[in-house]
Amino acid sequence: MDGPLVIQRPMRWDNPFSPDMTDEQVDRIAGLEPFKSMDENSFPSSMSLRDIIRNDMRIQHYREGDIVVRKDDYGNSAFMILKGAVRLVISPDLPDATLGRQQQKRRGLLSALGQLWSNPSTPEVRDPNRLSGGNSTGQRGEGENSHTFLQDVPMILKNHQTDVMPEGTFFGELAALGRTPRQLTLFADGDTELLEIRWQGIRDIRRRDDAFRTHIDNLYRERSLISHLRALPMFQHLDDDTIQEVANQTIFETHGEFEWHTSFKKLAEQTPEQRLRQEPVISGEGDYVDGLVLIRSGFARVSRKINNGHPTVAFVGKGETFGFEELVHNWQNHAQEPYQLSLRGLGNVDILRVPTSVMESIVLPTMPKAQMPPPLKIHTIQEASIQSIGNATPLDSGLMEFLVENRVVNGRATMMINTDRCVRCDDCVRACASTHNNNPRFARHGKRYDNVMIANACMHCVDPVCMIGCPTGAIHRSSLEGQVVINDASCIGCATCANSCPYDNIRMVEIRDETGEFVLDEANNPIVKSTKCDLCVDQMGGPACERACPHDALRRVNLSDLDYIADWLNAG
């Protein structure tokens, strides 16, 4: 017997950012600041600085007017200008059409009624004459190397306030690490060469190089942290100098996997115990209360140990806090209590932790009594059921676990169906088809818990991972109510969004012309576009599926509003 087979452990190096990175390019990048000044000995041999450069970076070339990043896009990389310059648009913002996005406006009454008899008889019909980026934008390249470019840069410079970032400028790191929307639109100012660094590389360099970490943290403190703190009631009484002192001592933490959607489907097949082990503990039940936790991005699960399980009490998202009640109790009482519940990350979670010492010495002494929380419910024994826990969800505990385990908590407009009321009339599907050229944009099936179904329809997520990596910006937030929509004109059919969606709610379709014939490219291959629910963004009455249901069996719900969901499920 030869013994067990030994293979090399898979690493993320198996999928480099660019397979074409050469030794000469690695040497060139390593010789530039800030990488030149980094201590290579602070990086482990299994993840050297040169390894990060080779595998997590790529050199991109842009021509005059090529859009580098668009305002409100979601990205997973940062940039450094190697040659040339990048121009940022300060004000006013560029129009959606200029950015390769679809301009949204509500249909009028006659236009909405006209759909009933003007819809084509064949599927996925498009007007080929409208499948171009418009007269203000165009497209260059293919696949991931495709760029949307501005065709009238002089007019943009005349009508918009802009500024130029020169060689050596580093930008985009905050949005990449926090998976937050880009704050400005930037385009190439002439022929430009950029170094693009994916978020994994930024994260690992930040861990190993103090100067780089301090630079990124200071940028966040300067640009965003104060506004985040100001939004919370417990900090609104502080003056500018005091809240700045709080910000200076706030700790940044990241928990879980940034690309959680890539492993989500495999994770869903595991047992609850296996899934629990993969949820990072941010603050554990029974642990010392070391600070106030503020969720900066992502979601976390609040749970309590009962017998051998950790059932969900609630989940928290961006802007919500954890541990405030315990902090106030310990400040007001000699007897100290630990965290009464656990906070675990779901996917990727960015948090801010305001240390206990800061809360007790700066924040709480001057806080108005009206902002103080109710007395802390201290758990001295193990409760027998989740219902006995204070602040429990209004939903059935099993349903809560179902929503959390399937990451449906990400949804802002999740299609929820009460199967006890649903008579399978398919009025919802027909209504969807009639408002989308006879092409329904959802399937009336999906995962179930008891009498609740989560249908396969776009949920217009809080964390829209489908938008990450779209090379042309075709998938984007609508300027109306933030719906996630796709612009046919700038979609190149690369399927990046469909592959990224963890819920299988985006489909790729071969499109036809008005005669029913497939639209072909120069190589005689069918043109493919991505499609999904757009939440009837152009309809006066909102989602047609919900309006068409005769028995109130279907609702588009925001999973952060649990009281609304409970009231609807329990009604009549």
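Does the stretch 497-513 contain any residue that is of a type outside the set (D, E, K, R), over 21 Å from Cys461 (Cβ atoms), open to solvent by 20 Å² or more (accessible area, probe 1.4 Å) and out of contact with any Phe, Trp or Tyr (no Cβ under 7 Å at 6 or more places or on another chain)?
No, the conditions are met nowhere in the stretch 497-513.
One residue is enough: does the stretch 441-464 have a residue meeting the conditions without any contact (Cβ under 8 Å) to a residue 12 or more places away in the chain, within 24 Å of Gly100 (Cβ to Cβ) and not basic (Lys, Arg)?
no
Among the residues of the stretch 269-303, how many are assigned to a loop (DSSP other than H, G, I, E, B), more than 21 Å from Val408 (Cβ to Cβ) and out of contact with any Ser or Thr (no Cβ under 7 Å at 6 or more places or on another chain)?
The qualifying residues number 3.
Do you know which of the residues in the stretch 176-228 that are of a type in the set (Ser, Thr, Tyr) and not in a strand (DSSP E or B) is least open to solvent (accessible area, probe 1.4 Å)?
Restricting to residues being of a type in the set (Ser, Thr, Tyr) and not in a strand (DSSP E or B), the top hit is Tyr220.
It is to be established whether one or more residues within the stretch 12-21 are more than 25 Å from Ser500 (Cβ to Cβ), at pLDDT below 95 and surrounded by fewer than 11 Cβ atoms within 10 Å (Cβ to Cβ).
No, there is no match, as no residue in the stretch 12-21 is more than 25 Å from Ser500 (Cβ to Cβ), at pLDDT below 95 and surrounded by fewer than 11 Cβ atoms within 10 Å (Cβ to Cβ).
Six or more apart or on different chains, Cβ atoms under 6 Å: show the pairs whose first residue is in the stretch 523-534 and in contact (Cβ under 8 Å) with a residue 12 or more places away in the chain and whose second is acidic (Asp, Glu) and in a strand (DSSP E or B).
Listed pairs, sorted by first residue: Pro526/Glu510; Val528/Glu510.
Just one of Asp56, Asp72, Asp51, Asp66 is among the acidic types (Asp, Glu), on the phi > 0 side of the Ramachandran plot, at pLDDT below 95 and surrounded by 18 or more Cβ atoms within 10 Å (Cβ to Cβ); which is it?
Asp72
What pairs can you find where one residue is in the stretch 541-552 and touching a residue at least 24 places away in the same chain (Cβ under 8 Å), the other is in a loop (DSSP other than H, G, I, E, B) and surrounded by 15 or more Cβ atoms within 10 Å (Cβ to Cβ), and their Cβ atoms are less than 6 Å apart, with a gap of 6+ or different chains?
Once the first residue is touching a residue at least 24 places away in the same chain (Cβ under 8 Å) and sits in the stretch 541-552, its partners that are in a loop (DSSP other than H, G, I, E, B) and surrounded by 15 or more Cβ atoms within 10 Å (Cβ to Cβ) give Pro543/Leu535; Pro543/Cys536; Ala544/Thr435; Ala544/Cys536; His551/Arg421.
Among the candidates Arg296, Arg301, which residue alone is out of contact with any Cys (no Cβ under 8 Å at 6 or more places or on another chain), over 19 Å from Met234 (Cβ atoms) and either among the hydroxyl-bearing types (Ser, Thr, Tyr) or touching a residue at least 40 places away in the same chain (Cβ under 8 Å) (or both)?
Arg301
Since Gln340 meets every condition but one in (1) under 22 Å from Thr250 (Cα atoms); (2) modelled with pLDDT under 95; (3) buried (at least 18 other Cβ atoms within 10 Å of the Cβ), which condition does it not meet?
Of the numbered conditions (1) under 22 Å from Thr250 (Cα atoms); (2) modelled with pLDDT under 95; (3) buried (at least 18 other Cβ atoms within 10 Å of the Cβ), the odd one out for Gln340 is (1).
Do we have any residue at all in the stretch 371-385 that's open to solvent by 50 Å² or more (accessible area, probe 1.4 Å), modelled with pLDDT under 85 and not in a loop (DSSP other than H, G, I, E, B)?
No, because not a single residue in the stretch 371-385 is open to solvent by 50 Å² or more (accessible area, probe 1.4 Å), modelled with pLDDT under 85 and not in a loop (DSSP other than H, G, I, E, B).
Only one of Ile81, Ile59, Ile67 is over 16 Å from Leu186 (Cβ atoms) and in a strand (DSSP E or B); which? Talk me through it step by step, then tell me what you get.
Working: Ile81 fails: over 16 Å from Leu186 (Cβ atoms); Ile67 fails: over 16 Å from Leu186 (Cβ atoms).
Matching residue, one of Ile81, Ile59, Ile67: Ile59.
Let's see how each residue does on (1) among the basic types (Lys, Arg); (2) at pLDDT 95 or above; (3) in contact with a His (Cβ under 7 Å, 6 or more places away or on another chain):
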{"residue": "His255", "(1), (2), (3)": "no, no, no"}
{"residue": "Leu267", "(1), (2), (3)": "no, no, no"}
{"residue": "Gln270", "(1), (2), (3)": "no, no, no"}
{"residue": "Pro280", "(1), (2), (3)": "no, no, yes"}
{"residue": "Thr312", "(1), (2), (3)": "no, no, no"}
{"residue": "Lys318", "(1), (2), (3)": "yes, no, no"}
{"residue": "Phe324", "(1), (2), (3)": "no, yes, no"}
{"residue": "Val328", "(1), (2), (3)": "no, yes, no"}
{"residue": "Arg344", "(1), (2), (3)": "yes, no, no"}
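Kindly provide the set of residues from the stretch 539-560 that are open to solvent by 70 Å² or more (accessible area, probe 1.4 Å) and within 26 Å of the chain's Cα centre (by Cα), ordered by number.
Scanning the stretch 539-560 gives a single hit, Ser560.
Out of (1) within 24 Å of Lys529 (Cβ to Cβ); (2) open to solvent by 10 Å² or more (accessible area, probe 1.4 Å); (3) not acidic (Asp, Glu), what's the single condition that is false for Pro464?
With (1) within 24 Å of Lys529 (Cβ to Cβ); (2) open to solvent by 10 Å² or more (accessible area, probe 1.4 Å); (3) not acidic (Asp, Glu) applied to Pro464, the lone miss is (2).
Would you mind telling me which numbered condition in (1) open to solvent by less than 20 Å² (accessible area, probe 1.4 Å); (2) within 22 Å of Asn558 (Cα to Cα); (3) in contact with a helix residue (DSSP H, G or I) (Cβ under 8 Å, 6 or more places away or on another chain) Ile486 fails?
The failed condition is (1).
Taking the condition surrounded by 20 or more Cβ atoms within 10 Å (Cβ to Cβ), over 23 Å from Glu279 (Cβ atoms) and hydroxyl-bearing (Ser, Thr, Tyr), does Thr414 pass?
no
Table: residues versus (1) in contact with a helix residue (DSSP H, G or I) (Cβ under 7 Å, 6 or more places away or on another chain); (2) open to solvent by less than 70 Å² (accessible area, probe 1.4 Å); (3) modelled with pLDDT under 85.
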residue	(1), (2), (3)
Lys83	no, no, no
Leu99	no, yes, yes
Leu109	no, no, yes
Leu113	no, no, yes
Pro128	no, yes, yes
Arg140	no, yes, yes
His147	no, yes, yes
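Cys536 - would you say it is crowded, with 22+ Cβ neighbours inside 10 Å and not in a loop (DSSP other than H, G, I, E, B)?
no
The values are calculated or read from the model by the stated rules, or taken from the named source; none is laboratory data. This structure is a prediction, so every number in the text was calculated from the model and none was measured. Reconstructed Cβ throughout: ideal geometry from the backbone, glycine too, with neighbour counts over all protein chains shown. Note: accessible area is taken over every heavy atom of the protein model, side chains too, but ligands, DNA and RNA are not part of it. Shrake-Rupley method; radii C 1.70, N 1.55, O 1.52, S 1.80 Å.
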